[in-house]
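Let me begin by presenting the structure, written as structure tokens, before commenting on it.
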Amino acid sequence: MASAGVAAAQGQDAPAQAISVNYEDLDLNRTEDAASLLSRLRYAAMRACEVDAMQRPGPAARRAINECRNAALEQAVADANEPELARLYAERQR
């Protein structure tokens, strides 16, 4: 089974939230399928950082949550080790 993981570090005392993302239905040599996986990973990163959002109200929380999501997505793309996914991710970061 092909799957990538998205993990988000929570607070100092909270464990990391991990979400598995299945992509066995995708051909990651195709740009369209790599884009689909990137979308799935982005959604998983949002979900993984939700707990942090609820535990950290206030103005600084939004920046911390965005940092959490960005770090989780970046790590998931790196861990997937799929060239087309990495290329697409880098292209969209510009």
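The values are calculated or read from the model by the stated rules, or taken from the named source; none is laboratory data. Predicted model only: the values in this text are computed from it and were never measured. Backbone-built Cβ (ideal geometry, glycine too); neighbour counts: all protein chains shown. Just the protein is used for accessible areas: all its heavy atoms, side chains included, with ligands, DNA and RNA removed. Shrake-Rupley method; radii C 1.70, N 1.55, O 1.52, S 1.80 Å.
So in region 78-87, with the set limited to residues that are without any contact (Cβ under 8 Å) to a residue 60 or more places away in the chain and either open to solvent by 100 Å² or more (accessible area, probe 1.4 Å) or in a helix (DSSP H, G or I) (or both), which one is farthest from Asp27 (Cα to Cα)? Lay out the reasoning, then the answer.
The first filter runs over region 78-87 and keeps only residues without any contact (Cβ under 8 Å) to a residue 60 or more places away in the chain, leaving 78, 81-87.
Now restrict to residues that are either open to solvent by 100 Å² or more (accessible area, probe 1.4 Å) or in a helix (DSSP H, G or I) (or both): 78, 81, 83-87.
Numbers: Ala78: 17, Asn81: 14, Pro83: 12, Glu84: 10, Leu85: 11, Ala86: 14, Arg87: 15 Å.
It comes out as Ala78.
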Practice prompt. Pairs only if they're at least six apart or on different chains, beta carbon under 6 angstrom, first in region 18-45 and among the acidic types (Asp, Glu), second not in a helix (DSSP H, G or I); list them, first residue then second.
Written response: Glu24/Met1; Glu24/Ala2; Asp33/Leu26; Asp33/Asp27
Worksheet item: If only one of Ala45, Ala34, Ala90, Ala61 is among the small types (Gly, Ala, Ser) and either within 13 Å of the chain's Cα centre (by Cα) or not in a helix (DSSP H, G or I) (or both), which one is it?
Response: Ala45
Worksheet entry | Criterion violated by Asp27 - all others in (1) modelled with pLDDT under 95; (2) more than 9 Å from the chain's Cα centre (by Cα); (3) open to solvent by 50 Å² or more (accessible area, probe 1.4 Å) satisfied | (1)
